[in-house]
Amino acid sequence: VQLQASGGGLVQTGDSLRLSCAASGRTFSSYSMGWFRQAPGKERDFLAVVSGTGLTTYYADSVEGRFTISRDNAKNTVYLQMNSLKPEDTAVYYCARSRAGIYARSPSEYDYWGQGTLVTVSS
């Protein structure tokens with residue numbers, strides 16, 4: 001399984017950005033998928049997770065209401081729509097495949113990771 005994250009960039013406070021994560025393999029729809037981020041010198045933090053069907057989602061409190069996770073199983077792709085971006089959202093963003101279902105929140109519960117895409121929000 002390979003995950004390829006894309007869509008990061010430099011934006012201004014209040015802007016929106018959509019990240020994509022394309023997955024290889026035939027079993028994409030069988031797994032929940034999550035997004036994490038890691039700022040310099042900090043731990044990798046859970047942001048959101050979506051079930052294999054796309055019908056169930058969960059978010060970290062820090063992004064609920066601003067970020068939306070979704071997936072297109074026909075395209076083997078998971079998305080993270082980010083609105084009202086703030087400078088504190090600056091980080092490398094990672095997509096990952098859950099090995100522990102929809103309730104996975106810890107990085108240790110995810111087995112495959114994308115390479116990360118950098119999001120920088122200027123004030």
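The values are calculated or read from the model by the stated rules, or taken from the named source; none is laboratory data. Because the structure is predicted, anything quoted here is derived from the model rather than measured. Positions of Cβ are backbone-derived with ideal geometry, glycine not excepted, and every protein chain shown enters the neighbour counts. Surface accessibility is based on the protein's heavy atoms, side chains included, excluding ligands, DNA and RNA. Shrake-Rupley method; radii C 1.70, N 1.55, O 1.52, S 1.80 Å.
Where the centre of each part is set by its Cα atoms, how far does region 26-54 sit from region 1-24, in angstrom?
Cα centroid to Cα centroid, the span is 12 Å.
Report the accessible area of F46, computed with a 1.4 Å probe over the heavy atoms of all protein chains in place, in Å² rounded to the nearest 10.
Approximately 30 Å² of F46 is accessible to the 1.4 Å probe.
Using DSSP to call loops (not H, G, I, E or B), can you name the trypsin sites (Lys or Arg not before Pro) in region 21-100 whose Cβ has at most 13 other Cβ atoms within 10 angstrom?
Hits after loop and neighbour filter: R26, K42, K75, R99.
What whole-number value in Å² describes the accessible area per residue of the chain for a 1.4 Å probe?
Per-residue accessible area for the chain comes out at 51 Å².
Give me D for region 1-118 in µm² s⁻¹, whole number, from Stokes-Einstein with Rh from the Kirkwood sum over alpha-carbon pairs, 37 °C and 0.692 mPa s.
Estimated diffusion coefficient is 236 µm²/s.
Carbon and sulfur atoms: what percent of the 1.4 Å accessible area of the chain do they account for?
Answer for the chain: carbon and sulfur cover 46 percent of the accessible area.
Just going by the charge dipole of the chain, with Lys and Arg at +1 and Asp and Glu at -1 on Cβ, which of L3, Y79, G34 is farthest out on the positive end?
L3
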